[in-house]
Amino acid sequence: MSSSHAEAIRDTLPLKDSTTVFVVDDDPAFRKSLRWLIESVDLNVETYASAIEFLENFDANTPGCAVLDVRMPGMSGVELQEQLRNDGSDIPVIAVTAFGDVQTAVRAMKGGATDFLEKPISDQVLLDHIQRAIVDDLENHRSRVKDNEVTERVESLTQREREVMDRVILGLSSKEIAQELGISFKTIESHRAKIMKKMGATSVPHLIRMNPA
């Protein structure tokens, strides 16, 4: 396992309690082998024998990654990947196969797979790919959480406060905003103070970096 990947994960979120590696493969021996390998580095893992079984149990809010067998009876790994994207999930996908072909690889990568690996796969290589995928998803998850928090804060503003905030972000002074909205300078200053408190912003540059507009 790459130490830099492990350090990146430790710096993001508590790994054991917050992430899961989802393995979907119709080969029971491969599932058992991957479960042992992934658990050996202290990662949560869930294994499924089919795409349908996985979809019935998958929680899109769980950070992690998915290791999908390209060729499976019924819904293939590539079709499962496409279904996940259609459902709005952006979980990183590592596509694996014992029968690699260019057309399937291209389809998987165009569908958003982060990697396309051919069996047999080196344990270290697979772990490195899983580690990278988890780091990416943790960072994306943290970004989504932050965006949701900003959205909730914006929604807590009154209509007038939103009007004032939009103009503050554009760089207008309180005097200019007061003239534009036809209200007093003192009222604008009161609105600005409430906006900064509700948004949790320590300064105007901080408010702008939050990009709530």
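What is the gain in length, in nm to one decimal, between Gln179 and Arg71 on full extension, counting 0.36 nm per residue of separation less the C-alpha to C-alpha distance?
32.3 nm
Could you sort 146-155, 164-173, 73-82 so that the peptide with the highest average Cβ count within 10 Å comes first and the rest follow in order?
The packing order, highest mean first, is 73-82, 164-173, 146-155.
Add -39500 (n - 2.57) for each DSSP H run of 4 or more in the chain, then divide by its residues: what number comes out at 222 nm, to the nearest 500 deg cm²/dmol?
Result for the chain: -18000 deg cm²/dmol, rounded to the nearest 500.
Where Rh is the Kirkwood radius over the Cα pairs of segment 150-210, the temperature 4 °C and the viscosity 1.567 mPa s, what D in µm²/s does Stokes-Einstein return?
My calculation gives 114 µm²/s for D.
What is the order of His191, His206, His141, fewest Cβ neighbours within 10 Å to most?
His206, His141, His191
Once phi is turned into ³J(HN,Hα) by the Karplus curve 6.51 cos²θ - 1.76 cosθ + 1.60 with θ = phi - 60°, what whole-Hz value does each residue of segment 150-158 show in order, with x for glycine and proline?
Using θ = phi - 60°, the values come out as 5, 4, 5, 5, 4, 5, 7, 6, 6 Hz.
Mind checking which lysines have their C-alpha under 21 Å from Lys119, skipping anything on the same chain fewer than 8 residues away?
Within reach: Lys32, Lys110.
Using the Karplus equation 6.51 cos²θ - 1.76 cosθ + 1.60 (θ = phi - 60°), what ³J(HN,Hα) coupling, rounded to whole Hz, does each residue of segment 108-122 give in order, writing x for Gly and Pro?
The phi angles translate into 5, 5, 5, x, x, 4, 7, 8, 10, 10, 9, 6, x, 10, 4 Hz.
I need the peptides 128-134, 34-40, 63-69 ranked by packing, meaning the mean over residues of other C-beta atoms within 10 angstrom, with the highest value on top.
Put in order of decreasing packing, that is 63-69, 128-134, 34-40.
Quick one: which residues, 5 or more positions from Val96 or on another chain, have an amide H under 5 Å from its amide H? H modelled 1.01 Å from N in the peptide plane, none for Pro or chain starts.
Leu68, Asp69, Val70, Leu117
Per the Kirkwood treatment, what hydrodynamic radius in Å, one decimal, follows for segment 3-142 from the mean inverse distance over all distinct Cα pairs?
After inverting the mean inverse Cα-Cα distance, the result is 14.9 Å.
Here, each number is a calculation from the coordinates, and none is a lab measurement. Just so it is clear, the structure is predicted and the values come from calculations on it, not from any experiment. Positions of Cβ are backbone-derived with ideal geometry, glycine not excepted, and every protein chain shown enters the neighbour counts.
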